[in-house]
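As structure tokens, the structure follows; a few thoughts come after it.
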Amino acid sequence: MATRLPKASLWLTATALCCAAHLHTAAQTQRVSVVEYHPAPGQLVNTLPYYEDGHTHEDMCRACEQQLEDGNLIHLGGWGGYVTVKFDHRIENKRGSDFRIAGNAYYSDSDPAYGNATIGGSMEPGVVYVGVGDRVEDCRWYQLAGSEYYTGELHDFRMTYYRPEAESGEHDMPHSTFDKYIRWECSWTDSDGARRDSTGWLCKNAWHSQSYWPLWEDGETMTFTGTRLPDNAVAYDNGNGGFYWVLYRYAADAYGYADAATNDEDYSTFDLDWAVDENGEPVSLQHCDFIRVASGVLQQCGWIGETSTEVGAFTDLHLLDGYDDNPIVITQREKPSDTGCVNVHGGAKTVAARYDMLGHKVGTQAKGLVIEISTDGSARKRMIR
């Protein structure tokens, strides 16, 4: 739940320190430098921003900066694609959310599940990481643990895309102009500890005819590793022999993901207190130097194509007048206990809660694919018929 809490004022009694702090703050701006731009293949790659013949990675980073300066979006492509930005100052970890990331998420007027109170529309969640260090090449990275971190996320996902051999080909699927356009392979560790893998194809749709492969990237493959988020799309019969798609938030109070809430909502803000290390253990950060957003969902949605995160403006909330007197505070979900809870059955593991694939808590009568959280903190997917 997001609330706003008052914040005590801090007074500096040393005049020299006060003046120095004032001068330092006055030099800080909301403008960011784009230091990395590596989108995965996607339907708006090479257009948001535009690629021009001969552009290098550095040129594309500058094009991304211009996009942000003009109030436009950066497209991250399919799962794994990312952008990394840096302010002209460190973002300090103070009480409440520390920064906001804009996107292009929006809600439907209504949908079959929620009517006018929908939490669905076009939500394309991106995973947010923060880096601490002087250089992006060797800084220490931490994920900001969102609401699904301990339930529905896969944290060792790996995906390789293969450069397409052609830009057009055979197609039988509706609204596709090339069914087997870009091949991909992926692997991950399932909840039972087994290593899994899968293969598939990214199709080219009728709405975007340019190459979906980032044309400034060298090599015949692109490999990404990181966190995969749960699928969030539902296809509804439109009554005319086709489908329309609604991409949902994971829950009404879901937090921690870019492009997964509208830009005026508290849930498009991020708190450095959510940082966790590679083992999922919370860490205490004083600040961050870099912000990275990676497209988080591996999902194809018919005629609207792959789910791709887009990002817009990055805002250091502490630079906004009066913000620190009344910051946004989002209550973080607790990490499940590592040791479990002793119960009347002598400490045996039992199911403590069940969630559907949209992150909604469900009862024991729920049907379909659910995530079960046990009293020892472990999670598993289960099909209930």
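Computed quantities for the displayed model
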| quantity | calculated |
| --- | --- |
| Filtered residues of the range 92-142 (kept if free of Cβ contacts under 8 Å to residues at least 24 places away in the same chain and either in a strand (DSSP E or B) or touching an Asp or Glu at 6+ places or on another chain (Cβ under 8 Å) (or both)) | N116, R140 |
| Given (1) assigned to a loop (DSSP other than H, G, I, E, B); (2) open to solvent by less than 20 Å² (accessible area, probe 1.4 Å); (3) closer than 17 Å to Y82 by Cα, index of the condition Y149 fails | (3) |
| Condition met for R196 (closer than 30 Å to R95 by Cβ, of a type in the set (K, R) and in a strand (DSSP E or B)) | no |
| Residue among W188, W216 that is touching a helix residue (DSSP H, G or I) at 6+ places or on another chain (Cβ under 7 Å), open to solvent by less than 60 Å² (accessible area, probe 1.4 Å) and either under 21 Å from G242 (Cβ atoms) or touching a residue at least 40 places away in the same chain (Cβ under 8 Å) (or both) | W216 |
| Whichever residue in the range 254-268 is among the hydroxyl-bearing types (S, T, Y) and under 13 Å from G312 (Cα atoms) and, among such residues, is least open to solvent (accessible area, probe 1.4 Å) | S268 |
| One residue from L272, L247 being within 30 Å of E185 (Cβ to Cβ), buried (at least 21 other Cβ atoms within 10 Å of the Cβ) and at pLDDT 95 or above | L247 |
| Conditions (1) touching a strand residue (DSSP E or B) at 6+ places or on another chain (Cβ under 7 Å); (2) open to solvent by 20 Å² or more (accessible area, probe 1.4 Å); (3) farther than 18 Å from V83 by Cα; number of the one not met by Y142 | (3) |
| From the options G241, G280, residue that is small (G, A, S) and touching a residue at least 12 places away in the same chain (Cβ under 8 Å) | G280 |
| Every residue from the range 169-184 that is open to solvent by less than 70 Å² (accessible area, probe 1.4 Å) and in a strand (DSSP E or B) | S176, T177, F178, D179, Y181, I182, W184 |
| Matching entry among L298, L319 (being modelled with pLDDT of 95 or more, farther than 21 Å from I119 by Cα, among the hydrophobic types (A, V, I, L, M, F, W, C) and touching a Ser or Thr at 6+ places or on another chain (Cβ under 9 Å)) | L319 |
| Extreme residue, surrounded by the most Cβ atoms within 10 Å (Cβ to Cβ), among residues of the range 55-75 that are out of contact with any strand residue (DSSP E or B) (no Cβ under 6 Å at 6 or more places or on another chain) and under 18 Å from W216 (Cα atoms) | A63 |
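Residue-wise test of (1) within 23 Å of W274 (Cβ to Cβ); (2) surrounded by fewer than 20 Cβ atoms within 10 Å (Cβ to Cβ).
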{"position": "G77", "(1), (2)": "no, no"}
{"position": "V85", "(1), (2)": "yes, no"}
{"position": "H89", "(1), (2)": "yes, yes"}
{"position": "E92", "(1), (2)": "yes, yes"}
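Conditions tested, residue by residue: (1) in contact with a His (Cβ under 8 Å, 6 or more places away or on another chain); (2) in a strand (DSSP E or B); (3) among the aromatic types (F, W, Y).
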residue	(1), (2), (3)
Q30	no, no, no
V35	no, yes, no
E52	no, no, no
M60	no, no, no
A63	yes, no, no
L68	no, no, no
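The values are calculated or read from the model by the stated rules, or taken from the named source; none is laboratory data. Values in this document were obtained by computation on a predicted structure and should not be read as measured data. All Cβ positions, even for glycine, are placed from backbone atoms using ideal geometry, and neighbour counts span all protein chains on display. SASA here: full protein model, heavy atoms, side chains in, ligands and nucleic acids out. Shrake-Rupley method; radii C 1.70, N 1.55, O 1.52, S 1.80 Å.
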